[in-house]
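Presented below is the structure to which this report refers.
The values are calculated or read from the model by the stated rules, or taken from the named source; none is laboratory data. Please read these numbers as outputs of a predicted model, since none were measured by experiment. Every residue, glycine among them, receives a Cβ derived from its backbone with ideal geometry; neighbour counts consider all protein chains shown. These area figures cover heavy atoms from the full protein model, side chains too; ligands, DNA and RNA do not enter into them. Shrake-Rupley method; radii C 1.70, N 1.55, O 1.52, S 1.80 Å.
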Amino acid sequence: MKRKWLFFLCCLLPLLGCSAEVAHSAAGIACDTVVTVTAYAPQQTVDETLRVIADYEALLSKTVEGSDIRRLNHAEGAPVEVHPETAALLRLAVEIGEESEGAFDVTIAPLSAMWDFTSDDPVPPDPDALTAAAALVDYRNIVIDGNTVTLLNGAEIDLGGIAKGYIADRVAAFLRQKGVRSACINMGGNVVTIGTKPNGDPWTIGIRDPNGTPEQSEEVLELGEAAVVTSGNYERFFIKDGVRYHHILDPKTGMPVSTGLASVTVVGSRSDLCDALSTACFVLGEERSRTLLDRYGVRAIFLYSDGTRIAYPEP
Ligand code: ADP
Ligand code: MG
């Protein structure tokens, strides 16, 4: 009997070992973006990550019926009990709001809702309407008490600048918990890696050339376990009368930020943080971002439309 078990194990173990060395991928559309997960794990485990993403989208999206954020935005100022993870993410969002002096502000919803980047004939919103909506934007209107959240003064939330980063981290946590030691998750420019490639080689993560096609990289980062998040003016935009209008907005005016920057890439260990910081740094510009980047111990690469590249801190 014992010998039979031994024989069984001897056959099975090498097979398990082999399957862990094979990369499997899953791809889909979630959170309005393309998601790809590649992991040295069974296909079923990789496929399950798409369900994990869908579950988080159902919690954090402002459009999905019944989501925590939609319930909050429709509560007309009444306190709302949210999932502990939603409360924690909102705490982080408010913290980055404070640390960036409001450059990052998840109460941007009244402004972001006025910009339609998908229309066949997009137009910039009426300036007076933008000014009126900007008065509602202030992260200090989010009051969090345990898992109860209250939105004051007509505030509404849009987690577009942080949710994908958070979800990418959760996918990594899910895979780690399944014992995966090598994986790369990409949620529309929010990249999280686990370990290295199985042979010990680093992951290669391209930063898109803002003036090139989506496939063209301006530079390629070689990294072990890391989070790399890029915010760019080429993700969602339209051009009207020669002006490029994109989706990263100045919370004070509601207009797309124009500092000459085309993208900011933040490299750190937590993708939620890097996501919020890449958006914040895009709004702040390179010089004003330094304190924020130091505060969180992350580095950033600023690419300008004219081709200038600045890395902070300098290598
Ligand atoms: P992407 O969503 O393309 O990865 P970002 O992470 O920079 O890019 O997030 C941009 C999104 O964040 C916008 O679509 C909008 O939902 C929201 N947003 C825009 N401006 C701000 C801002 N100043 N602070 C916080 N969120 C913002
Ligand atoms: Mg962001």
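Going by accessible surface with a 1.4 Å probe and the largest first, GLU218, GLU76, GLU286, GLU85 read GLU76, GLU218, GLU85, GLU286. For the set LYS164, LYS62, solvent exposure ranked by accessible area (probe 1.4 Å, protein chains only) runs largest to smallest as LYS62, LYS164.
When only the Cβ of Lys, Arg, Asp and Glu is charged (+1, +1, -1, -1), the dipole of segment 4-312 relative to its Cα centre reaches about 1020 debye. Springs join every pair of Cα atoms under 10 Å in this Gaussian network model of the chain, and among ALA132, ALA155, ALA103 the largest mean-square fluctuation is at ALA132. Counted residue by residue at 0.36 nm each, then reduced by the alpha carbon distance between them, the extension gain from ALA75 to ASP145 reaches 23.6 nm. Scalar couplings 3J(HN,Hα) for segment 135-149, obtained by applying the Karplus form with A = 6.51, B = -1.76, C = 1.60 to θ = phi - 60°, are 5, 8, 8, 6, 4, 5, 7, 8, 10, 10, 10, x, 9, 9, 10 Hz; x denotes Gly and Pro.
For segment 159-315, rounded, prolate or oblate, judged on the Cα gyration tensor with a ≥ b ≥ c (square roots of eigenvalues), a/c < 1.5 rounded, else prolate if a/b > b/c? Judged from the Cα gyration tensor, segment 159-315 comes out prolate (a/c at least 1.5, a/b above b/c). Helix 163-177 axis versus longest C-alpha principal axis of the chain: approximately 10°, rounded to the nearest ten.
Under the shape rule built on the C-alpha gyration tensor, where the axes satisfy a ≥ b ≥ c, segment 141-243 is oblate, since a/c reaches at least 1.5 while a/b does not exceed b/c. Taking the longest Cα principal axis of the chain as reference, the axis of helix 286-296 is set at about 50 degrees.
TYR296 contributes an accessible area of around 40 Å² to the protein surface, as traced by a 1.4 Å probe with all chains present. In the chain, Cα pairs under 8 Å separated by at least six residues give a relative contact order of 16 percent. Amide H contacts for ALA30 (H built 1.01 Å from N in the peptide plane; partners 5 or more residues away or on another chain; cut-off under 5 Å): VAL35.
Placing R0 at 35 angstrom, the Cβ-Cβ distance between VAL22 and ARG295 gives a FRET efficiency of 0.25 after rounding to 0.05. Helix 43-60 and the long axis of the chain differ in direction by around 20°, with both axes built from C-alpha atoms. Using θ = phi - 60° in the Karplus curve 6.51 cos²θ - 1.76 cosθ + 1.60, the 3J(HN,Hα) couplings for segment 217-232 round to 9, 6, 7, 10, 8, 10, 9, x, 5, 6, 10, 10, 10, 10, 10, x Hz; x is entered for Gly and Pro. Only DSSP H runs of four or more residues enter the estimate; each adds -39500 (n - 2.57), and after division by the residues of the chain the mean residue ellipticity at 222 nm equals -11000 deg cm²/dmol. When a/c is below 1.5 the answer is rounded, else prolate if a/b is larger than b/c, else oblate, so apply that to the chain with a ≥ b ≥ c taken from the square roots of the Cα gyration tensor eigenvalues. In terms of gyration-tensor shape, prolate.
Expressed as a fraction of 2.2 N^0.38 Å, the value expected for a compact globular protein of N residues, the C-alpha radius of gyration of segment 119-159 is 1.57. Taking all protein chains together and rolling a 1.4 Å probe, ASP306 ends up with roughly 120 Å² accessible.
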